[in-house]
Amino acid sequence: MSKVLVILKIFPEGLEVDLEKLKEKINILIKPEKMELEDIAFGLKAIKVSKIIDDDGSILEEIENKLKTIEGVSSVEVIHITRTI
């Protein structure tokens, strides 16, 4: 089965959410290859996560659902998917 690189954007519930703790929880839950903060607006930041997974839609859905269960996460958005070499 081929692998795909998925980039997700994770939005916190608000400015009061500790993004470092949120990043730790994400790391424990899905072990991403890369995480970075991205400015959204008015001081709000999102966490951009890169993860390599098997090319199977159910795995991506499972990852999204896991991330949505984390306290402090408002929403999760898939922003890019590409096949790896």
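Worth a mention:
- A quarter of the convex hull surface defined by the alpha-carbon atoms of region 1-48 gives 3.8 nm² as the mean projection.
- About the centre of its Cα atoms, the chain shows a dipole size close to 220 debye [charges on the beta carbon of Lys, Arg (+1) and Asp, Glu (-1) only; nearest 20 debye].
- Cubic angstrom per residue, convex hull over Cα atoms of the chain: 84 Å³
- Helix 57-68 vs. the chain, principal-axis angle (Cα, 0 to 90°, nearest 10): 20 degrees
- Heavy-atom accessible surface of the chain: percent carbon and sulfur, 1.4 Å: 51 percent
- Lys/Arg +1, Asp/Glu -1 at C-beta; the chain dipole; positive extreme among Ile53, Ile10, Leu37: Ile53
- Using the 1.4 Å probe convention, the accessible area of region 36-85 works out to 64 Å² per residue with neighbouring protein chains retained.
- Model label sites at Ile59 and Asp18, defined 7 Å from Cα along the beta-carbon direction, differ in position by 3.2 nm.
The values are calculated or read from the model by the stated rules, or taken from the named source; none is laboratory data. Fair warning: this is a prediction, and the values are worked out from it, not measured in the lab. Methodologically, a virtual Cβ is constructed for each residue, glycine included, from the backbone with ideal geometry; neighbour enumeration extends over all protein chains shown. Side chains are part of the model used for accessible areas, which takes the heavy atoms of the whole protein and leaves out ligands, DNA and RNA. Shrake-Rupley method; radii C 1.70, N 1.55, O 1.52, S 1.80 Å.
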